[in-house]
Each structure stands twice: as structure tokens, then as C-alpha cells.
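Everything below concerns the one structure shown next.
The values are calculated or read from the model by the stated rules, or taken from the named source; none is laboratory data. All values derive from a computational prediction rather than experimental measurement. When we count neighbours, we look across all protein chains shown, and the Cβ atoms used for this are built from the backbone with ideal geometry, even at glycine. Heads up: the accessible areas ignore ligands, DNA and RNA and are worked out on the full protein's heavy atoms, side chains in. Shrake-Rupley method; radii C 1.70, N 1.55, O 1.52, S 1.80 Å.
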Amino acid sequence: VQLQASGGGLVQAGGSLRLSCALSGNIFSNYHMGWYRQAPGKERELVATVTTGGTTNYADSMGGRFTISRDNTKRTVFLQMNSLKPEDTAVYYCNARNKWRSVEYWGQGTEVTVSS
């Protein structure tokens, strides 16, 4: 399995970005998908997840500003980020967790920088 994340960049506070992560090498619908982030000097933390059935879960700290979604036909998971804050600055990582086995994969990360 390979995960290719994209969509990061530099944005001003209050702006929006949409991250994408495409899965290849296996059946996308067999994987629960998620986004995590790691800010400089901090541990990696959960942002949001979406199950194979479409159930979503968000970290409380995201404050309703982020939306995770998946398109099984495109084998892609998305993270729509609105009202971005400087504290959202981090490397965002895509995660795929197999629904049948205890195996997961990580993408290479895409960097998001929010300027004040």
C-alpha cells in the first residue's frame, strides 16, 4: 500500500486548504482512513478519521473547522480545513488502517503553514 498526500501549503490565518491522500496498491474500501498532524516539537496527534462505512470522528481540538471525507471511486480521502489558525501549522499525515487485519500505513506527510 502506498499513500500519496498533497494539498499542503502556506495560507493566511482564516483561510482554507483541502488536503488529499490517494491510496494505491490495495482495495481502498478495505481501509479506515485518517489524518494526523505533528507540529514542531510536539507529538503526532489525531485530526480526524473516517471508517469504511463513512462514520467520521474528530479530535475535540479541531473545533468543527475540519471535515474529513472519502471517495471510494477515486481511492482518496480528503481533509477540508477552514478558518485556519497559526496553531494548525504542522505536517499532516494520512493513515490507512485495514479493517480486517492489524496493519496500518502512513503517507509521507504534507506541510501546512498558517501565517498570522
*Sites Arg44 and Ala13, calculated FRET efficiency, Cβ-Cβ separation with R0 22 Å, nearest 0.05*: 0.45
*Per residue, how much accessible area does the chain have with a 1.4 Å probe, in Å²?*
53 Å²
*Which residue fluctuates the most in the chain, going by a Gaussian network model with Cα springs under 10 Å, if the choices are Ser20, Ser69, Ser83?*
Ser83
*Could you go through segment 73-89 in sequence order and give the Karplus-derived ³J(HN,Hα) for each residue, using 6.51 cos²θ - 1.76 cosθ + 1.60 with θ = phi - 60°, rounded to whole Hz, and x for Gly and Pro?*
5, 9, 6, 9, 10, 10, 9, 8, 10, 10, 6, 5, 10, x, 6, 7, 4
*asked:* Just to be sure I understand: with springs between alpha-carbon atoms less than 10 Å apart, which residue in Arg18, Arg75, Arg101 has the highest mean-square fluctuation in the Gaussian network model of the chain?
replied: Arg101
*May I ask what percent, to the nearest 5, of DSSP beta bridges between residues of the chain are antiparallel?*
90 percent
*Kindly give Rg over Rh for segment 20-105, based on alpha-carbon atoms, with the Kirkwood expression for the hydrodynamic radius.*
0.97
*asked:* 5 Å is the cut-off here: which amide hydrogens, built 1.01 Å from N in the peptide plane, fall below it relative to Lys85, excluding neighbours closer than 5 in sequence?
replied: Gly14
*For the chain, which whole-number percentage of the solvent-accessible area (1.4 Å probe, protein heavy atoms only) is attributable to carbon and sulfur atoms?*
45 percent
